[in-house]
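Bear in mind that the values in this text are calculations on the coordinates, not laboratory data. Quick caveat, the model's predicted, so the values are computed rather than measured. Cβ placement follows ideal geometry from the backbone for every residue including glycine, while neighbour counts extend to all protein chains displayed.
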Amino acid sequence: MKKLTKEKYGEWALITGASSGIGREMARIIAQKGISTILVARDKEALEALSLEIEKTSKVETKVIVTDLGKEEEVYDVISACKELEVGLLVNCAGYALSGEFTDNALEDELDMLSVNVKAPLMLTHHLAKAMKERQRGGIVFLSSIMALAGAAKWANYNATKAHNLLLAEGIGEELKKDNINVIAVISGSVDSGFQERSHTQSALGSMRPETVAKYSLWMLQCKRTYIPGMMNKLIALSLRTAPRFVGTKIFSNVVNKLTSQGA
C-alpha cells in the first residue's frame, strides 16, 4: 500500500459504512497499516465482530459507533465521540439507493437517503478537514459511483447524491491540496456487498469484489483526485464523455430497470 501510514495520516481513521462491503474492507486494510479505526454503521453485531477481528489481527485500537447517519443529531454524536482523537483519515462509505420512481416514493424516504448519502459525509468532512488543515496532513475518501455520470429513472435522487459526492471531492480536493490533504472520489460500479439488499436490487454483470475496490482505491489516494476501479467501468465512463447526455440517461435507466426488476 503506497504510503498509507500513521506518519502521513495520523493515529486514527474514521470509516462510515464499516459493517459491510467496501467500508469493511477499507477498515481492515487501514488497520493493517497500523492506524486505529473508528467503525461507524447501524449494524452493532457486525461492527463488534469487525472490531474484535481488527484488534486481534492488526493489534490496533478500535472504536465502535452504532448510529443512523440519516439523523443529524446522531452525526453530531459521531463528531463529539471523535473530539479527543486525532482523526487524519476519513472514509465516507455509508450510502444506499432508494429504488422506484421519484414521485411514487415517500418524500421522507428520499430525504433520508439524501441525509445519509450527502449530508452526513458533508458534515463529517467539514468538521474533520478543519483539524487536518491545522495539522497540515490528512486524507478523505468519498465513495461515489459510476451512476454519478448520468441520471437514471428509478434512481433519480440516488444518482444525484453520488454526483454531489464526486463534485464535492473534486472541489475540496483542489482547496485542500495546499494543506497536504489528499482527497479522492471513488467512482465504483456494481460491487457485491450489502448495497443490493438495502436497495432491493441484484448485482450487475461484472460486479467487483469489495476488497479489490478498497485496496486499489486506498492505493490511489495520493495519486488521483478521482479513481474508477475496473476496466468495464472505465470504458463506460469513457463512452459517456462523447455521447449526448440523454443517451447516458437512457442507458443507465435501462440498467436500473433490470436491476430493480430482478431484485423485486
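Working from Cα pairs under 8 Å separated by at least six residues, relative contact order for the chain is 20 percent. Charges were assigned to the Cβ only: +1 to each Lys and Arg, -1 to each Asp and Glu. The resulting dipole of the range 6-263 about its Cα centre is roughly 1180 debye.
FRET efficiency for the pair L52 and N254, taken as 1/(1 + (r/R0)^6) with r the Cβ-Cβ distance and R0 = 35 Å, rounds to 0.20. Which of E101, E25, E84 ends up with the largest GNM mean-square fluctuation for the chain, with Cα atoms connected below 10 Å? Top of the fluctuation ranking is E84. Taking the centroid of alpha carbons for each part, the range 102-133 and the range 44-74 are 20 Å apart.
When the Gaussian network model of the chain links Cα atoms closer than 10 Å, the mean-square fluctuations of A97, A120, A243 top out at A243. Calculated FRET efficiency, S261 to D192, Cβ-Cβ distance, R0 = 22 Å: about 0.70 to the nearest 0.05.
The calculated 222 nm mean residue ellipticity attributable to helices in the chain amounts to -15500 deg cm²/dmol, summing -39500 (n - 2.57) over DSSP H runs of n ≥ 4 and dividing by all residues. In this simple spin-label model, placing a label point 7 Å from the Cα along the Cα-to-Cβ direction at both Y76 and E45 gives a separation of 3.2 nm. Within the listed set S80, S115, S217, the residue fluctuating most in the Gaussian network model of the chain (springs between alpha-carbon atoms under 10 angstrom) is S80. Stretched out straight at 0.36 nm per residue, the stretch from K224 to E7 would grow longer than its current Cα-Cα span by 76.1 nm. Stick to Cα atoms and the Kirkwood definition of Rh, then tell me Rg/Rh for the range 1-131. Looking at the range 1-131, the ratio lands at 1.00. The ranking of C93, C82, C223 from fewest to most other beta carbons within 10 Å of each one's beta carbon is C223, C82, C93. Once you sort the root eigenvalues of the Cα gyration tensor of the range 203-254 as a ≥ b ≥ c, which label holds: rounded (a/c under 1.5), prolate (a/b larger than b/c) or oblate (the other case)? Note, shape of the range 203-254 comes out oblate.
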